[in-house]
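Here the structure comes first, spelled out in structure tokens, and everything after it is commentary.
Just so you know, all these numbers are worked out from the coordinates, no wet-lab data involved. Remember, it's a predicted structure, so these values are computed and weren't measured experimentally. Positions of Cβ are backbone-derived with ideal geometry, glycine not excepted, and every protein chain shown enters the neighbour counts.
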Amino acid sequence: MIQAVIFDFDGTILDTESVWYDSYREAAGAHRIDLPLAIFAQGVGTYDDAMFRYLREQAGSDEALEQIKSNAHRLHTTKTSGLQPREGVVAYLEDAKRLGLRIGLATSSPRSWVEPFLATHGLRDYFETLCTSDDVERVKPDPALYRLAVERLGVTPERALAFEDSANGARAAASAGVRCVVIPNPMTEALVFERYDVRLASFEEMTLERLLQRLNAQA
């Protein structure tokens, strides 16, 4: 029986991934560089410098790459100012709390990035623990973040359920022995997901209670 739920952050709770892609694509476009989604998607859910290597090659200099990065961060700050949680995610957090489940977060992003967003949207108090890149040597797809999360939540891996938007995140959960529900966003829906238990189009497709009933019946 599921006793704990663990949420990814970027792309799962808030669709910051789509905003990052739009920001980098716009910043690269100012240098007449096209940024394919396939290049960007390689880094979703992990730290991968494939996009930066590509942009450096296309831009022709470190200076131009730094300009693109700087402009992308400026655009991202503007674009995320009104960003809201993905539809249905707050209802899932509320239901998890009502059902007495332990709630954690496991993200490849640093705490300094995650906590301001959680505070702004009034979500911080839902989480018993935040496991971030500051806490582990290797981020997703390495299972370290999920192993740490279940340890802190005081449950065994098979009693936990992860929510992920990326293939890297889903691999991390599966490698840690944690069951996983993938809920892709527009940036990740075309990725190949190899290891997961359930795939949903959105958090609104199925209530948490019904999802848990389905997974518990399969256990």
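Given the C-alpha atoms of segment 16-79, compute the convex hull and give its volume per residue in Å³. Before the final figure, lay out the partial values.
Working: hull volume 4.6 nm³, N = 64.
Per-residue hull volume (Cα only) is 72 Å³.
Just the C-alpha atoms of segment 100-189: what Rg/Rh do they give, with Rh taken as the Kirkwood radius?
Details: Rg = 12.5 Å, Rh = 13.2 Å.
Result for segment 100-189 is an Rg/Rh of 0.94.
Which distance in Å, rounded to a whole number, links the C-alpha centroids of segment 146-219 and segment 1-54?
After rounding, the separation between the Cα centres reads 19 Å.
Mind listing the phi-derived Karplus ³J(HN,Hα) values for segment 80-90, rounded to whole Hz, using 6.51, -1.76 and 1.60 with θ = phi - 60°, and x for any glycine or proline?
Values per residue, Gly and Pro as x: 8, 4, x, 5, 10, x, 4, 4, x, 5, 5 Hz.
Residues with beta-carbon under 11 Å from that of Glu87, excluding Glu87: net charge, scoring Lys, Arg +1 and Asp, Glu -1? Could you put the intermediate results ahead of the total?
On the way: positive: Arg86; negative: Asp15, Glu204, Glu205.
With Lys, Arg at +1 and Asp, Glu at -1, the net is -2.
Which of Ile33, Ile13, Ile183 ends up with the largest GNM mean-square fluctuation for the chain, with Cα atoms connected below 10 Å?
Ile33
How high is the relative contact order of segment 16-79, in percent, counting Cα pairs under 8 Å that sit 6 or more residues apart?
Details: 51 pairs, mean separation 25.9, N = 64.
After rounding, I find 41 percent.
Give the residue list of chymotrypsin sites (Phe, Trp or Tyr not before Pro) in segment 1-47 that are DSSP loop and have at most 12 other beta-carbon atoms within 10 angstrom.
On the way: sites: Phe7, Phe9, Trp20, Tyr21, Tyr24, Phe40, Tyr47; in loops: Phe9, Tyr47.
Passing both the DSSP loop test and the Cβ count: Tyr47.
Per 5 Å bin, what percent of the C-alpha pairs of the chain does each bin hold, from zero upward?
Calculated over all Cα pairs of the chain, the distribution is 1, 7, 15, 19, 20, 16, 10, 6, 4, 2, 1, 0 percent.
If you take the C-alpha gyration tensor of segment 140-219, multiply each eigenvalue by 5 and take the square root, what semi-axes do you get, largest first, in whole Å?
Values: eigenvalues 73, 59, 19 Å².
Value: 19, 17, 10 Å, ordered largest first.
Given axes a ≥ b ≥ c from the Cα gyration tensor, I'd like to know whether segment 93-140 is rounded (a/c under 1.5), prolate (a/b larger than b/c) or oblate.
Details: a/c = 3.27, a/b = 1.53, b/c = 2.13.
It is oblate, given that a/c is not under 1.5 and a/b is not larger than b/c.
Using the Cα centre of segment 16-79 as origin and beta-carbon charges of +1 (Lys, Arg) and -1 (Asp, Glu), tell me which of Gly60, Ile39, His76 is placed farthest towards the positive end of the dipole.
Result: His76.
What is the calculated FRET efficiency for Ala38 to Glu194, with r their C-beta to C-beta distance and R₀ = 22 Å, to the nearest 0.05?
Values: r = 17 Å, r/R0 = 0.78.
In this case the efficiency is close to 0.80.
Between the helical axis of 16-29 and the dominant principal axis of the chain, each derived from Cα atoms, what acute angle in degrees is found, rounded to the nearest 10?
Long axis of 16-29 versus the principal axis of the chain: about 10 degrees.
On a 0 to 90° scale, report how tilted helix 144-153 is relative to the longest principal axis of the chain, with both axes built from alpha carbons and the result rounded to the nearest 10.
Result, in degrees: 40.
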